[in-house]
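What follows is a structure written as structure tokens; I'll ask about it next.
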Amino acid sequence: MMRWVMLAVIAAIAAAAFVWRTPMLGYSGVGAAYMARVGCSCRFVAGRSLEDCAKDKMAGMELVMLSEDAEAKSVTARFPLLASETARLRDGYGCVLEPWDG
């Protein structure tokens, strides 16, 4: 009896994870893209340090990590295990996202 209860609980958790997977991937992708573009503009247009730019994160963006490639003038934002997006400074356009695969 206990075994069936455990299997039912595991099945319920797996079903909930599957149902929430698509919205979580969407939100994390959009959040990573937003932070990459904002971080790139802050770093390479405004000339602030990436550490200083991280202070401007909106509520809900605390898990997004920023890293920069100074030579390529790009910032990558990563939402752990879910999404990663990069924005690059382009002359005449400002910071633009690299093409999405999603």
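The values are calculated or read from the model by the stated rules, or taken from the named source; none is laboratory data. All figures in this text were calculated on a predicted structure; none of them were measured in a lab. Neighbour counts run over all protein chains shown; Cβ positions are idealised from the backbone, glycine included.
For segment 44-63, state whether one or more residues are modelled with pLDDT of 90 or more, of a type in the set (A, V, I, L, M) and in contact with a helix residue (DSSP H, G or I) (Cβ under 9 Å, 6 or more places away or on another chain).
Within segment 44-63 (the criterion being modelled with pLDDT of 90 or more, of a type in the set (A, V, I, L, M) and in contact with a helix residue (DSSP H, G or I) (Cβ under 9 Å, 6 or more places away or on another chain)), the answer is yes, since at least one residue qualifies.
Also: Mind listing whichever residues of segment 38-65 are closer than 26 Å to Gly26 by Cβ and part of a loop (DSSP other than H, G, I, E, B)?
Result: Asp56, Lys57, Met58, Ala59, Gly60, Met61, Glu62, Leu63, Val64.
Moving on. Which residues, taken from segment 66-102, are surrounded by 13 or more Cβ atoms within 10 Å (Cβ to Cβ) and outside any strand (DSSP E or B)?
The answer is Lys73, Leu82, Glu98.
While we're on this one: Out of (1) part of a helix (DSSP H, G or I); (2) touching a residue at least 24 places away in the same chain (Cβ under 8 Å), what's the single condition that is false for Val30?
Exception for Val30: condition (2).
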